[in-house]
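Everything below concerns the one structure shown next.
The values are calculated or read from the model by the stated rules, or taken from the named source; none is laboratory data. What you see is a predicted model; the values in this text were computed from it and never measured. Ideal geometry is used to build each Cβ from the backbone, glycine not excepted, and the neighbour counts take in all protein chains shown.
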Amino acid sequence: MNDEQLLRYSRHLLLEEIDIAGQEQLLNSHVLVIGAGGLGSACAPYLVAAGVGQITLVDHDRVELTNLQRQIMHQNNSVGMTKVGSGKRFLNSLNPGIIINAIKQKADEALLEELVIKASVVIDCTDNFATRHLINRAAFKHKKVLVLGAAIGFDAQVSVFDFRQPSSPCYACVFPPDPNFAETNCASMGVFSPLVGIIGSLQAAQALQILIGFGEPLLGRLLIWNARNSQIDEIKIRRNPDCPVCGAHRQ
């Protein structure tokens with residue numbers, strides 16, 4: 001690290017769990033953030049501020065006025081811009097020393113095949129059930145760590161799947177693919193503004209723990225947050241032997 005980086009990240013360097021070695025690990029890492037909406041707007045800035053060396057931000061959408069209630073990476077003058085363009089502008093202003101790759105494209109199977117293999121950690125900040133399953137499959141295929149977040153209304157979830165570990169469950173173990181699944185989103189259900197900030201920040205924290213290698217990330221655990229009463233519950237997750245993605249017959 002140079003002198004400017006030593007000063008910028010000095011509060012990390014004071015933490016025994018991080019120190020210089022951990023910060024250098026972050027600077028050499030590449031995180032794939034899929035979704036530049038509410039969750040991504042909280043997650044990506046903390047990764048950039050913390051010093052993750054390279055971020056690839058993926059989203060196919062444009063900023064609308066209704067997004068500004070919760071998607072704090074975008075401002076009034078972002079309306080009409082691509083979310084990745086607006087996000088890159090914000091992230092560059094936050095920490096110009098970080099490489100930001102902005103990809104305006106829907107996260108389909110072909111794109112994920114190209115991007116997931118290059119990432120140190122994959123973070124799912126999407127709000128689409130089908131896309132989550134595509135991300136899960138790609139992360140499992142390439143043995144990456146997947147940090148999942150979801151938020152709707154006043155309810156949210158966070159979990160981590162470490163596919164480097166043979167015993168790790170996957171997203172499909174908990175929420176099996178369902179072609180008849182009735183999709184819900186913020187446009188139809190609404191979402192409590194700070195909720196996506198809380199969950200996106202938790203996703204960033206989980207990714208940083210994984211990248212540096214300290215503490216106990218939410219491996220095999222699903223954290224459930226109820227913003228109505230600030231109640232936090234936790235469910236332990238085990239691999240489903242009949243899972244269509246990671247089950248025994250798929251090995």
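Which condition number in (1) touching a Lys or Arg at 6+ places or on another chain (Cβ under 7 Å); (2) surrounded by 11 or more Cβ atoms within 10 Å (Cβ to Cβ); (3) of a type outside the set (Ser, Thr, Tyr); (4) without any contact (Cβ under 8 Å) to a residue 60 or more places away in the chain is the one that Lys236 fails?
Condition not satisfied by Lys236: (2).
Pairs under 8 Å by beta carbon, first residue among the small types (Gly, Ala, Ser) and crowded, with 17+ Cβ neighbours inside 10 Å in segment 14-26, partner assigned to a helix (DSSP H, G or I) and modelled with pLDDT of 95 or more, six or more apart or different chains?
Qualifying pairs under 8 Å: Gly22/His12; Gly22/Ile212.
Quick one: what pairs do we get from segment 196-218, first residue closer than 16 Å to Ser120 by Cα and in contact (Cβ under 8 Å) with a residue 12 or more places away in the chain, second of a type in the set (Gly, Ala, Ser) and part of a helix (DSSP H, G or I), C-beta under 6 Å, 6+ apart or different chains?
That search, which allows pairs on different chains as well, returns Leu208/Ala50; Ile212/Gly22.
Restricting attention to segment 95-121, report how many residues are touching a residue at least 24 places away in the same chain (Cβ under 8 Å) and either over 24 Å from Ile210 (Cβ atoms) or part of a helix (DSSP H, G or I) (or both).
Result for segment 95-121: 10.
Can Phe140 be described as surrounded by 18 or more Cβ atoms within 10 Å (Cβ to Cβ) and aromatic (Phe, Trp, Tyr)?
yes
Can you tell me which residue in segment 66-94 is nearest to the chain's Cα centre (by Cα), limited to those that are surrounded by fewer than 20 Cβ atoms within 10 Å (Cβ to Cβ) and in contact (Cβ under 8 Å) with a residue 60 or more places away in the chain?
Applying the filter and picking the extreme gives Ile72.
Here is a list of conditions, (1) touching a Gly at 6+ places or on another chain (Cβ under 7 Å); (2) surrounded by 15 or more Cβ atoms within 10 Å (Cβ to Cβ), and Val52 meets all of them except one; can you say which number that is?
Of the numbered conditions (1) touching a Gly at 6+ places or on another chain (Cβ under 7 Å); (2) surrounded by 15 or more Cβ atoms within 10 Å (Cβ to Cβ), the odd one out for Val52 is (1).
For Leu57, all conditions in the list (1) buried (at least 18 other Cβ atoms within 10 Å of the Cβ); (2) in a helix (DSSP H, G or I); (3) hydrophobic (A, V, I, L, M, F, W, C) hold save one; what is the number of the exception?
(2)
Which count do you get for residues in segment 122-158 that are assigned to a strand (DSSP E or B), closer than 15 Å to Gly37 by Cα and within 13 Å of the chain's Cα centre (by Cα)?
Counting residues in segment 122-158 that are assigned to a strand (DSSP E or B), closer than 15 Å to Gly37 by Cα and within 13 Å of the chain's Cα centre (by Cα) gives 6.
Considering only residues that are in contact with a strand residue (DSSP E or B) (Cβ under 6 Å, 6 or more places away or on another chain) and in a helix (DSSP H, G or I), look in segment 1-42 and name the one that is farthest from Met73 (Cα to Cα). It would help to see each step written out before you state the result.
Taking segment 1-42 as the starting set, the residues that turn out to be in contact with a strand residue (DSSP E or B) (Cβ under 6 Å, 6 or more places away or on another chain) are 30-34, 36, 39-40.
Checking which are in a helix (DSSP H, G or I) leaves us with 39-40.
Details: Leu39: 10, Gly40: 8 Å.
The qualifying residue farthest from Met73 (Cα to Cα) is Leu39.
Could you tell me whether Phe154 is aromatic (Phe, Trp, Tyr) and touching a Leu at 6+ places or on another chain (Cβ under 8 Å)?
Answer is yes for this residue.
Taking Gly197 as meeting all but one of (1) assigned to a helix (DSSP H, G or I); (2) more than 26 Å from His12 (Cα to Cα); (3) modelled with pLDDT of 95 or more, write down the number of the exception.
Just one mismatch for Gly197, condition (2).
Right, Ala156: closer than 17 Å to His30 by Cβ and either among the β-branched types (Val, Ile, Thr) or modelled with pLDDT of 95 or more (or both) or not?
On the way: closer than 17 Å to His30 by Cβ: no; either among the β-branched types (Val, Ile, Thr) or modelled with pLDDT of 95 or more (or both): yes.
No, not satisfied.
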